[in-house]
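Undergrad: Got a structure here, written out as C-alpha cells. Questions coming.
Read-outs throughout are calculated quantities, based only on the coordinates presented, and are distinct from any laboratory measurement. Computed from a prediction, not measured in an experiment: that's the story for all the values here. Here the Cβ is made from the backbone with ideal geometry for all residues, glycine too, and neighbour counts use every protein chain on show.
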Amino acid sequence: MLKNRFLALSLLSLAACTPGPDLAESPKNAGITKTESLPENRISAENLAKWRKGNPSWYAAVEPFQVIGEDGAGIYYVGTEGLGMFFIPTQDGHIVIDGGMPDQGPMVADAITQLGYDPKDIKILLNSHAHLDHSGGLADLKAMSGADMIASEGDRSALEGGFYLGSEDEEFLFAPPVKVDRIIADGEKVSHGGVTLTAYITPGHSRGCTSWTMDVEQGGKSYEVLVFCSATVAANRLVNPPQYEGIVEDYRSTFDKTRDWTPDVFLANHPGFFGLMKKRERQRAGDPLAFVDDQAFGKFITRVEGWFIDALQKQSAATTP
Ligand SMILES: [Zn+2]
C-alpha cells in the first residue's frame with residue numbers, strides 16, 4: 001500500500017518538475033530564481049535498500065508528538081528514531097523542516113495526518129541541509145502540497161541537482177531533485193501564519209547548512225527553539241581535495257558562531273544529537289517541559305568541535321606524504 005502510494009507520488013513529483021508559468025510569474029516569485037526543469041530522480045531502488053539495511057533506526061517509526069507548544073501551536077516531531085523531521089502548523093497552512101530519506105516523504109505526510117492535519121496544506125518546506133537523509137523526501141512533499149521550497153544559496157545546486165556537493169557522481173548519495181523557490185540568507189526570516197522562523201547559515205557539514213530558530217509559547221512563557229543543522233564531519237573530505245572550497249574555514253566559522261548559543265530547546269536533524277527518546281519518555285511521564293534545557297546545545301557543539309579537530313588532524317595526516 002505504502003509502495004503504491006510512493007509510486008503514485010513519484011509520478012506526481014516528476015510531473016511537478018516543470019512548474020507552469022503561474023509559478024514563475026507570480027509577484028511572490030518576482031526576482032527569484034528562474035524556473036527551469038529539474039533533472040530526473042536518479043537514486044536507485046537498490047541503493048535505497050542498502051541505506052535502509054545499513055540504517056534501521058532511520059526507518060524505525062516514532063509516534064508523532066508535540067515537542068513544545070500548546071493550543072495547536074508550536075513544533076511537532078514527525079521523524080523517525082534516527083532522522084529528525086519537524087512540523088509547524090499555522091492558521092494559513094503549515095511548515096515542514098526536512099523530508100527524511102528519498103522514500104520517506106509519504107511517511108512524513110502520514111505522521112502529519114496522524115496529528116490531525118492535512119499534508120496537502122503544507123505551504124512552506126525548509127531544509128537543514130542538502131544531504132539525501134534530510135532532503136530526500138522534500139520533492140514528494142512538494143509534489144503533494146505545492147509548497148514553496150525555501151533554502152540557502154549554498155545548498156541550492158545540490159537540492160536542485162539531486163547530488164551531494166563535491167561527490168556529484170556518487171550514485172549512492174543521489175537524492176530526488178527539488179526546486180528551490182526562494183533563497184534565504186543568514187539572519188533572514190520566514191514569516192507565515194503568525195509564525196516566524198529565523199535562518200542561520202551554519203556551513204561546513206554542507207555548504208549551505210541552515211539552522212532554524214523560532215519562539216514557542218507554553219504555560220505563559222516563551223521558549224526559543226533551535227533546529228540545528230549538523231556540524232559533524234561524517235563523509236566530508238576536509239582536505240586534498242576538500243569536499244568544497246572553504247569547507248574547513250566554514251566549519252570553524254560555524255563553531256565560532258554557535259559556541260555561545262543557549263536555545264531553551266535544542267532540536268536537530270538526528271534525534272541522537274539531542275536525546276529525543278529519553279526526553280520523550282520524560283514528557284510522556286508528565287513533564288511538559290521535558291525538552292527544555294538551555295545547556296544542552298552548548299555541550300553538544302563542544303563535543304562536535306572536538307570531533308572536527310580530530311578528523312582534520314587524521315585526514316591531514318593521511319594525505320601528507
Ligand atoms: Zn548530512
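Undergrad: Under a 5 Å amide H to amide H cut-off, with H placed in plane at 1.01 Å, what residues pair with I122 once short-range neighbours are removed?
TA: Excluding prolines and chain starts, which carry no amide H, the hits are H94.
Undergrad: Cut-off is 10 Å between beta-carbons; in what order do C229, C209 appear when sorted fewest neighbours first?
TA: So the ranking, lowest neighbour count to highest, is C209, C229.
Undergrad: Using only Cα atoms, what Kirkwood radius does the chain have, in angstroms?
TA: 19.9 Å
Undergrad: Say each of F65 and T113 gets a label point 7 Å from the Cα, pointing the same way as Cα to Cβ; how far apart are those two points in nm?
TA: 2.3 nm
Undergrad: Kindly point out which whole DSSP H helices in the chain project their C-alpha atoms 24 angstrom or further along the helix axis while averaging a Kyte-Doolittle hydropathy of -0.5 or above.
TA: 296-319
Undergrad: Taking a threshold of 23 Å on the Cα-Cα distance, which of the pairs K221/K279; K279/K299; K142/K221; K123/K221; K179/K257 fall above it?
TA: K142/K221; K123/K221; K179/K257
Undergrad: What's the extension gain from E46 to S191 if we count 0.36 nm per residue and subtract their Cα-Cα distance?
TA: Contour length minus Cα-Cα distance gives 48.2 nm.
Undergrad: How much length is gained if the chain between S253 and R282 is pulled fully straight, taking 0.36 nm per residue apart and subtracting their Cα-Cα distance, in nm to one decimal?
TA: Taking 0.36 nm per residue and subtracting the Cα distance, the gain is 7.0 nm.
Undergrad: Rounded to the nearest 0.05, what FRET efficiency do F172 and Q313 give with R0 = 25 Å and r taken as the Cβ-Cβ distance? Could you check?
TA: It comes to 0.40.
Undergrad: I would also like to ask the following. Near K50, which aspartates and glutamates are there with a Cα under 17 Å away, not counting those fewer than 8 places off in the same chain?
TA: Excluding near neighbours in sequence, the set is D103, D133, E170, E171.
Undergrad: Moving to a separate point now. Based on DSSP loop calls and a cut-off of at most 16 other Cβ atoms within 10 Å, the longest stretch of the chain free of exposed trypsin sites (Lys or Arg not before Pro) is what?
TA: 43-236
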